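Participant: Submitted below is the structure of interest, expressed as structure tokens.
A short reminder: the numbers here are calculations on the coordinates, not readings from a lab. For clarity, every value in this text was computed on a predicted model and none was experimentally measured. Please note: Cβ atoms are built from the backbone with ideal geometry, for glycine as well, and neighbour counts cover all protein chains shown.
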Amino acid sequence: MMKGVILGINPDARIVDITHQIPPQDTRTAAWKLAAAYSYFPRDTVHVIVVDPGVGSDRAIICARLGDQFFVAPDNGVLSAVLKADHHPNEIRFLDNHDLCLDVISKTFHGRDILAPVGAHLSLTHDIESTGAVVPAADLVSLELPEPSQAPSGELRGEVILIDHFGNIITNIDKSALDAFLQTNGNCRPEIRLGEHCIAGLQQSYLQGLPGQPLAIFGSMGLLEIAIFGRDACQALHVACGDRVIIARPG
């Protein structure tokens, strides 16, 4: 129905689904997935995000231009990871122009009745100013998205933030965090610790892992992953989001 609404307003719209695999009401996973994907889309793309546990409430709808792309989303923190980037220009508004919405708005499907038509109008006009009043980013609902940190012992501590479709375990440790750790630890071959499991060094591809053994690799999101070639690492290692991941000197 959302696609029908969009095409009814802009018949020339090209609609791309980033994912339909977000767990219900999981705004944090949605925030990470969006942050990993949006920058690969062309200028003036309109991203419509419908992970909306507050549907039917009085929560605001965000219409934003961040860098050279547009975003339409509920104000529930789903844009938190995207907003961490340094965008120029950065213009954020709360929707108050209901002429951009469908005539009848249900309490249970704002994706169809509000988000999709607003996104479709933006795809035609790029007129962010007409959507509503400007609001500072500080006024938006913000999720607590964990960042890796250096412990007094020198260890780099992060956590599991996502499990992908293959069961790969994705952490919040990016290459810059690892590089900083290596610079202060003599470019050692790091140990990656996840629960009782200890992995020596990093690999360049999944194929480099030993059969049945976990390996560490920087995946397509630019984040450290723990994987097992040909297996679901999450199930094999009994891991959940929020579990701690430690990078330490060997020994």
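Participant: With an 8 Å cut-off on Cα pairs and a minimum separation of 6 or more residues, tell me the relative contact order of the chain in percent.
Facilitator: 16 percent
Participant: Let me ask something else about it. For region 217-251 and region 9-41, compute the distance between their C-alpha centroids and round to whole Å.
Facilitator: 24 Å
Participant: So, in nm, how far is label S106 from label V141 when the simple model puts each one 7 Å beyond its Cα toward the Cβ?
Facilitator: Each label point lies 7 Å from its Cα, and together they span 2.0 nm.
Participant: Using only Cα atoms, find the angle between the long axis of helix 27-37 and the longest principal axis of the chain, and express it within 0 to 90 degrees, rounded to the nearest 10.
Facilitator: 90 degrees
Participant: Around I105, what is the net charge, scoring Lys/Arg as +1 and Asp/Glu as -1 over all other residues with Cβ under 11 Å from its Cβ?
Facilitator: In short, 0.
Participant: In the neighborhood of L224, defined by Cβ-to-Cβ distances under 9 Å, what is the net charge if each Lys or Arg adds +1 and each Asp or Glu adds -1?
Facilitator: Once all neighbours under 9 Å are counted, the net charge is -1.
Participant: Any idea how far apart A13 and S149 come out in nm if each label point goes 7 Å out from Cα toward Cβ?
Facilitator: That separation, rounded to one decimal, is 4.2 nm.
Participant: Cross-link candidates for K107: which lysines have Cα within less than 26 Å, leaving aside residues fewer than 8 places away along the same chain?
Facilitator: K3
Participant: Which shape class, rounded, prolate or oblate, goes with region 117-173 when its Cα gyration tensor gives a ≥ b ≥ c as root eigenvalues, a/c under 1.5 marks rounded, and past that a/b bigger than b/c marks prolate?
Facilitator: Verdict is oblate for region 117-173.
Participant: Still on this structure, I have one more. By how many nm would the segment from D243 to H88 lengthen if fully extended, with 0.36 nm per residue of separation less the alpha-carbon distance?
Facilitator: 52.3 nm
Participant: Would you mind ranking H121, H88 by Cβ crowding within 10 Å, fewest neighbours first?
Facilitator: H88, H121
Participant: Could you line up L100, L145 from fewest to most neighbouring Cβ atoms inside 10 Å?
Facilitator: By the 10 Å Cβ count, ascending: L145, L100.
Participant: On C-alpha positions alone, give me the angle between the axis of helix 116-125 and the longest principal axis of the chain, in degrees, nearest 10.
Facilitator: Between helix and principal axis, roughly 80 degrees.
Participant: Can you bin region 1-133 into rounded, prolate or oblate? Criterion: square roots of the alpha carbon gyration tensor eigenvalues sorted a ≥ b ≥ c, rounded for a/c under 1.5, prolate for a/b above b/c, oblate for the rest.
Facilitator: Note, shape of region 1-133 comes out rounded.
Participant: For a footprinting-style exposure proxy, rank D139, D17, D52 by other Cβ within 10 Å, fewest first.
Facilitator: With the sparsest Cβ surroundings first, the list reads D17, D139, D52.
Participant: Continuing with this model, one more query. Counting Lys +1, Arg +1, Asp -1, Glu -1, what net charge surrounds P146 among other residues with beta carbon under 13 Å of its beta carbon?
Facilitator: Around P146, the surrounding residues sum to -1.
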